[in-house]
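**Q** This structure is in structure tokens; I'll ask about it shortly.
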């Protein structure tokens with residue numbers, strides 16, 4: 001064979017290989033996660049790398065559409081039959097991946113499984129307002145809550161229905177290894193530490209998935225995820241920051257997808273110990289923080305300045321609230337005027353999990369205004385323990401957090417952060433407590449909205465907490481992938497497609 | 001020989017006991033994993049319930065005794081996070097660690113040993129300084145940087161190799177090189193100084209005087225006598241490589257033990273950390289033991305009963 005012939009043959013072979021890999025890309029979607037899922041039992045773990053995967057294997061009682069509205073899934077419709085009872089009509093014709101039908105019994109079993117204290121689900125706290133689940137007939141289940149609980153539906157968005165005949169038989173461990181659900185994708189295999197493979201459920205009752213198989217890989221290093229995407233060995237990668245996303249500019253075949261999430265970045269202050277027990281000093285601290293600067297100078301990923309501890313994706317968001325303006329001069333003047341009272345040294349508790357660029361920026365801004373702030377960095381477990389110190393005054397003087405209740409209801413954000421009885425709160429205001437309790441315990445939407453609008457005013461007037469920004473999630477994707485990321489940070493495969 | 005073996009066995013048991021005690025207490029000093037396992041909205045009661053479910057509410061000493069009893073009966077426990085037996089988790093990661101260790105060792109030995117020899121033999125040549133510079137550069141380049149450069153060059157721009165992951169021989173190449181280059185430099189330096197040391201000895205001079213050819217001299221005498229430090233290094237390198245190469249594994253998404261260890265330490269998955277550390281201690285002890293035995297084969301002057309030399 002002459003050299004020219006060899007070259008021609010090589011060209012033909014490589015063209016064939018290229019076509020083959022292109023064809024393969026259409027059938028198989030590769031998603032790079034940060035870590036492998038902790039578990040695929042939807043009642044056992046609550047972290048993004050787990051639910052990115054298992055939300056495709058299981059159907060939930062209800063779900064949210066791309067606009068954030070709660071829409072039917074396993075429950076076809078629902079109605080509040082008393083203050084504490086929610087009646088759910090179970091959709092007929094859903095089958096699990098093993099061919100067995102999904103029944104009202106499975107719904108009751110799933111609710112009881114996750115709320116059973118002995119099962120010790122990490123998600124128990126999200127569902128323990130449910131006192132009982134009862135099957136009325138083959139298509140009807142009634143959930144009873146301990147008290148009127150308006151955020152129930154918002155929580156049920158996260159309640160996956162598992163098959164009693166499988167989960168009951170296999171037990172916790174067995175079910176995690178071979179999960180059976182009713183979702184648009186079936187569990188195919190789990191190569192531990194490497195990847196989880198799902199395959200399309202052709203018998204799915206709703207919108208079917210566009211990919212024959214989907215592989216979720218564990219790729220801990222963000223630069224490597226980007227490299228995989230650019231090399232074409234991944235089609236969708238999660239958890240990018242704006243620096244990495246900028247590398248995409250000019251690169252062909254890949255794009256950045258971003259969506260505002262329901263996560264609010266905030267600066268928490270201990271309002272019970274000096275110096276931040278003085279509302280004027282808190283106001284000075286708030287005015288010293290240049291939030292535009294943080295959003296546009298540091299984050300640059302589609303975030304926006306927040307005016308309250310909620311986003312427009314939350315029920316209870318107050319329209320028209322204005323953020324406290326950045327005014328360094330005024331902040332300085334207040335600190336000067338307060339003198340030593342404002343200059344009590346403050347510890348800014350944090351852990352490497354939080355974006356240290358923001359922590360350092362806040363420290364610097366506060367010190368520029370005349371405060372004396374020192375960063376105290378510990379690991380996450382230690383930080384969490386300090387932040388949830390049973391003694392309210394022992395909780396951090398300053399902290400930075402990004403809160404999401406994954407329920408899109410302000411109750412899930414403001415109650416834990418502001419009600420004096422909560423683990424996290426550094427506020428003790430009886431009037432605020434009463435309003436938060438009203439918001440939590442009445443089913444009347446008008447009354448709730450009114451309560452939360454008052455909460456917003458009290459929090460802003462007293463500067464109990466400083467909302468910083470609405471966080472955004474950044475994903476990298478193959479140019480041909482059509483997908484609209486949503487506020488709840490889920491990867492629903494059957495809402496994606498290939499272009500053309 | 002027997003008394004040597006018994007003594008080493010005794011020492012190993014004491015070392016293992018020490019390692020287990022240390023890992024048990026140090027981990028528990030570093031914080032409570034319960035907070036990492038419950039959602040943010042958990043109440044104090046939820047946290048208590050989870051702590052109870054994990055058995056972390058028992059007195060520390062009771063936990064310690066249980067840990068020993070379970071370990072002796074070969075029950076290494078279940079991961080707090082994954083709820084899967086530690087043995088299953090480690091067994092799934094171990095083959096990858098072995099693969100990568102073998103690949104890296106191959107790169108290190110195949111390049112490092114001849115390079116060291118060459119550097120020693122051609123000591124006076126002008127280019128050896130340059131070569132030595134390259135060796136030092138290879139050793140001082142941080143792997144997170146050299147790794148990502150390799151990925152960008154061979155994985156993204158040229159497209160010759162898969163950028164990351166595991167599953168085929170092609171996947172193994174870049175991580176092996178990234179990891180092996182570090183040890184390669186060590187081998188080259190050790191081999192060089194060891195050979196230089198031998199070259200200055202009388203037997204080499206007299207062999208040269210007798211007119212023994214360089215090739216024969218190298219193969220018959222130099223290599224064998226310079227091998228002792230190389231064996232010691234290999235024992236150390238293997239135990240280090242098997243403990244996992246955290247950075248290389250992270251950059252190349254290689255699912256080995258190093259990555260598992262770091263993830264488990266960060267998430268306070270005590271049970272997994274205990275398992276990995278125990279395995280690491282066992283491997284280190286075993287490797288040192290093997291190295292001791294190997295010495296006596298390579299150099300009979302070294303006696304295992306300690307009476308030689």
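The values are calculated or read from the model by the stated rules, or taken from the named source; none is laboratory data. Please read all numbers here as calculations on a predicted model, not as lab measurements. Note: ideal-geometry Cβ built from the backbone for every residue, glycine included; neighbour counts use all protein chains shown.
**Q** If you scan the range B:64-90, which residues turn out to be outside any loop (DSSP other than H, G, I, E, B), more than 10 Å from chain A (Cβ to nearest Cβ) and either touching a strand residue (DSSP E or B) at 6+ places or on another chain (Cβ under 9 Å) or surrounded by fewer than 18 Cβ atoms within 10 Å (Cβ to Cβ) (or both)?
**A** Once the filter is applied, which keeps residues that are outside any loop (DSSP other than H, G, I, E, B), more than 10 Å from chain A (Cβ to nearest Cβ) and either touching a strand residue (DSSP E or B) at 6+ places or on another chain (Cβ under 9 Å) or surrounded by fewer than 18 Cβ atoms within 10 Å (Cβ to Cβ) (or both), the range B:64-90 yields B:64, B:65, B:66, B:68, B:69, B:70, B:71, B:72, B:86, B:87.
**Q** Moving to a separate point now. Taking the conditions exactly as written (buried (at least 19 other Cβ atoms within 10 Å of the Cβ), within 14 Å of chain A (Cβ to nearest Cβ), part of a helix (DSSP H, G or I) and without any contact (Cβ under 8 Å) to a residue 40 or more places away in the chain), does residue B:261 satisfy them or not?
**A** On the way: buried (at least 19 other Cβ atoms within 10 Å of the Cβ): yes; within 14 Å of chain A (Cβ to nearest Cβ): yes; part of a helix (DSSP H, G or I): yes; without any contact (Cβ under 8 Å) to a residue 40 or more places away in the chain: yes.
When the stated conditions are applied, residue B:261 passes them.
**Q** Against the condition under 20 Å from residue A:63 (Cα atoms), outside the structural domain of residue A:183 (by TED's automatic domain parsing) and free of Cβ contacts under 8 Å to residues at least 40 places away in the same chain, how does residue A:154 come out, does it pass? If you could, list the steps in order and put the result at the bottom.
**A** Numbers: under 20 Å from residue A:63 (Cα atoms): yes; outside the structural domain of residue A:183 (by TED's automatic domain parsing): yes; free of Cβ contacts under 8 Å to residues at least 40 places away in the same chain: no.
For residue A:154, the condition - under 20 Å from residue A:63 (Cα atoms), outside the structural domain of residue A:183 (by TED's automatic domain parsing) and free of Cβ contacts under 8 Å to residues at least 40 places away in the same chain - is not met.
**Q** Here are some conditions: (1) closer than 23 Å to residue A:481 by Cα; (2) within 13 Å of chain B (Cβ to nearest Cβ). Residue A:266 meets all but one. Which one does it not meet?
**A** Status for residue A:266: all satisfied but (1).
**Q** Which pairs turn up if I take residues in the range A:57-77 that are at positive phi and look for partners that are part of a loop (DSSP other than H, G, I, E, B) with beta carbon separation below 8 Å, at least 6 apart in sequence or on another chain?
**A** Here the result reads A:68/A:313; A:68/A:408; A:68/A:486; A:68/A:487; A:68/A:488, each pair linking the range A:57-77 to a residue that is part of a loop (DSSP other than H, G, I, E, B).
Each row is one residue, and each column tells you yes or no for (1) in contact with a helix residue (DSSP H, G or I) (Cβ under 9 Å, 6 or more places away or on another chain); (2) modelled with pLDDT of 90 or more; (3) more than 14 Å from chain B (Cβ to nearest Cβ).
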{"position": "A:238", "(1), (2), (3)": "yes, yes, no"}
{"position": "A:257", "(1), (2), (3)": "no, yes, yes"}
{"position": "A:278", "(1), (2), (3)": "yes, yes, yes"}
{"position": "A:283", "(1), (2), (3)": "yes, yes, yes"}
{"position": "A:303", "(1), (2), (3)": "yes, yes, yes"}
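**Q** Condition check: within 20 Å of residue A:178 (Cα to Cα), in contact with a helix residue (DSSP H, G or I) (Cβ under 7 Å, 6 or more places away or on another chain) and within 14 Å of chain B (Cβ to nearest Cβ). Does residue A:114 satisfy that?
**A** Criteria met by residue A:114.
**Q** While we're looking at this one, here's another question. Output the residues belonging to the range B:164-177 that are more than 14 Å from chain A (Cβ to nearest Cβ) and surrounded by 16 or more Cβ atoms within 10 Å (Cβ to Cβ).
**A** As a first pass, look at the range B:164-177 and keep what is more than 14 Å from chain A (Cβ to nearest Cβ): B:169, B:173, B:176-177.
B:173, B:176, B:177 - these are the residues of the range B:164-177 that are more than 14 Å from chain A (Cβ to nearest Cβ) and surrounded by 16 or more Cβ atoms within 10 Å (Cβ to Cβ).
**Q** Here's a follow-up. Which condition number does residue A:125 fail, the rest of (1) in contact (Cβ under 8 Å) with a residue 40 or more places away in the chain; (2) within 14 Å of chain B (Cβ to nearest Cβ) being met?
**A** Only one criterion in (1) in contact (Cβ under 8 Å) with a residue 40 or more places away in the chain; (2) within 14 Å of chain B (Cβ to nearest Cβ) is unmet by residue A:125, namely (1).
**Q** Of the conditions (1) in contact (Cβ under 8 Å) with a residue 60 or more places away in the chain; (2) over 19 Å from residue A:153 (Cβ atoms), residue A:434 satisfies every one except a single condition; which number is it?
**A** (1)
**Q** Might you check whether a residue that is surrounded by fewer than 15 Cβ atoms within 10 Å (Cβ to Cβ), without any contact (Cβ under 8 Å) to a residue 40 or more places away in the chain and at positive phi occurs anywhere in the range A:337-347?
**A** Looking for residues that are surrounded by fewer than 15 Cβ atoms within 10 Å (Cβ to Cβ), without any contact (Cβ under 8 Å) to a residue 40 or more places away in the chain and at positive phi, one finds at least one in the range A:337-347, hence yes.
Listed here are the residues, each with its yes/no results for (1) surrounded by fewer than 23 Cβ atoms within 10 Å (Cβ to Cβ); (2) at pLDDT below 90; (3) within 27 Å of residue A:290 (Cα to Cα).
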| site | (1), (2), (3) |
| --- | --- |
| A:370 | yes, no, yes |
| A:399 | no, no, yes |
| A:410 | no, no, yes |
| A:420 | yes, no, no |
| A:430 | yes, no, no |
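**Q** On to the next question. Taking the range A:345-386, which residues are closer than 24 Å to residue B:29 by Cβ, in contact with a strand residue (DSSP E or B) (Cβ under 8 Å, 6 or more places away or on another chain) and assigned to a loop (DSSP other than H, G, I, E, B)?
**A** A:351, A:352, A:354, A:378
**Q** Now for a different question. Is one or more of the residues making up the range A:322-339 in the same structural domain as residue A:285 (by TED's automatic domain parsing), in contact with a strand residue (DSSP E or B) (Cβ under 9 Å, 6 or more places away or on another chain) and either under 24 Å from residue A:272 (Cα atoms) or not in a helix (DSSP H, G or I) (or both)?
**A** Yes - at least one qualifying residue is present in the range A:322-339.
**Q** Shifting gears a bit: Determine whether the range A:399-420 contains at least one residue that is out of contact with any helix residue (DSSP H, G or I) (no Cβ under 6 Å at 6 or more places or on another chain) and farther than 25 Å from residue A:489 by Cβ.
**A** Looking for residues that are out of contact with any helix residue (DSSP H, G or I) (no Cβ under 6 Å at 6 or more places or on another chain) and farther than 25 Å from residue A:489 by Cβ, one finds none in the range A:399-420, hence no.
**Q** Quick one: residue A:88 ticks every box in (1) surrounded by 14 or more Cβ atoms within 10 Å (Cβ to Cβ); (2) away from chain B (no Cβ under 14 Å); (3) under 17 Å from residue A:440 (Cβ atoms) bar one, so which box is it?
**A** Exception for residue A:88: condition (3).
**Q** In the range A:172-193, which residues are within 12 Å of chain B (Cβ to nearest Cβ) and either assigned to a strand (DSSP E or B) or within 24 Å of the chain's Cα centre (by Cα) (or both)?
**A** Within the range A:172-193, A:176, A:190, A:191, A:193 meet the criteria.
**Q** Which one of these is under 30 Å from residue A:473 (Cβ atoms), under 24 Å from the mean Cα position of the chain (by Cα) and more than 14 Å from chain B (Cβ to nearest Cβ): A:436, A:417, A:398?
**A** The match here is A:398.
**Q** Only residues that are more than 9 Å from chain B (Cβ to nearest Cβ) and in a helix (DSSP H, G or I): list them for the range A:201-225, please.
**A** A:222
**Q** Also, I was wondering about something else. How many residues, within the range B:145-163, are buried (at least 16 other Cβ atoms within 10 Å of the Cβ) and assigned to a helix (DSSP H, G or I)?
**A** Residues that pass the stated criteria total 9.
**Q** Right, something else. Could you tell me which residue of the range A:26-49 is farthest from the other protein chains (Cβ to nearest Cβ), considering only residues that are crowded, with 22+ Cβ neighbours inside 10 Å and not in a loop (DSSP other than H, G, I, E, B)?
**A** Selected residue: A:29.
**Q** Return the pairs, sorted by first residue and then second, in which the second residue is surrounded by fewer than 16 Cβ atoms within 10 Å (Cβ to Cβ) and part of a helix (DSSP H, G or I), the first residue lies in the range A:370-385 and is away from every other protein chain (no Cβ under 14 Å), the beta carbons are less than 8 Å apart, and the residues are 6+ apart or on different chains.
**A** Close Cβ pairs satisfying both conditions: A:370/A:336; A:373/A:367; A:375/A:360.
**Q** Need at least 2 residues that are at pLDDT below 80 and more than 14 Å from every other protein chain (Cβ to nearest Cβ) per element, so show me which helices (runs of 4 or more DSSP H) inside the range B:1-63 make the cut, counting only ones lying wholly within it.
**A** The helices (runs of 4 or more DSSP H) meeting that bar are B:2-29.
**Q** With the requirement that a residue be crowded, with 16+ Cβ neighbours inside 10 Å and either over 22 Å from residue A:371 (Cβ atoms) or in contact with a helix residue (DSSP H, G or I) (Cβ under 6 Å, 6 or more places away or on another chain) (or both), what does the range A:306-323 give you?
**A** Scanning the range A:306-323 gives A:307, A:308, A:309, A:310, A:311, A:313, A:314, A:315, A:316, A:317, A:318, A:321.
**Q** Run down A:280, A:249, A:292, A:296 and say which single residue is over 26 Å from residue A:66 (Cβ atoms), without any contact (Cβ under 8 Å) to a residue 12 or more places away in the chain and part of a helix (DSSP H, G or I).
**A** Of A:280, A:249, A:292, A:296, the one residue that is over 26 Å from residue A:66 (Cβ atoms), without any contact (Cβ under 8 Å) to a residue 12 or more places away in the chain and part of a helix (DSSP H, G or I) is A:296.
**Q** Has the range A:102-113 got at least one residue that is surrounded by 22 or more Cβ atoms within 10 Å (Cβ to Cβ) and not in a helix (DSSP H, G or I)?
**A** The answer is yes, given that some residue of the range A:102-113 is surrounded by 22 or more Cβ atoms within 10 Å (Cβ to Cβ) and not in a helix (DSSP H, G or I).
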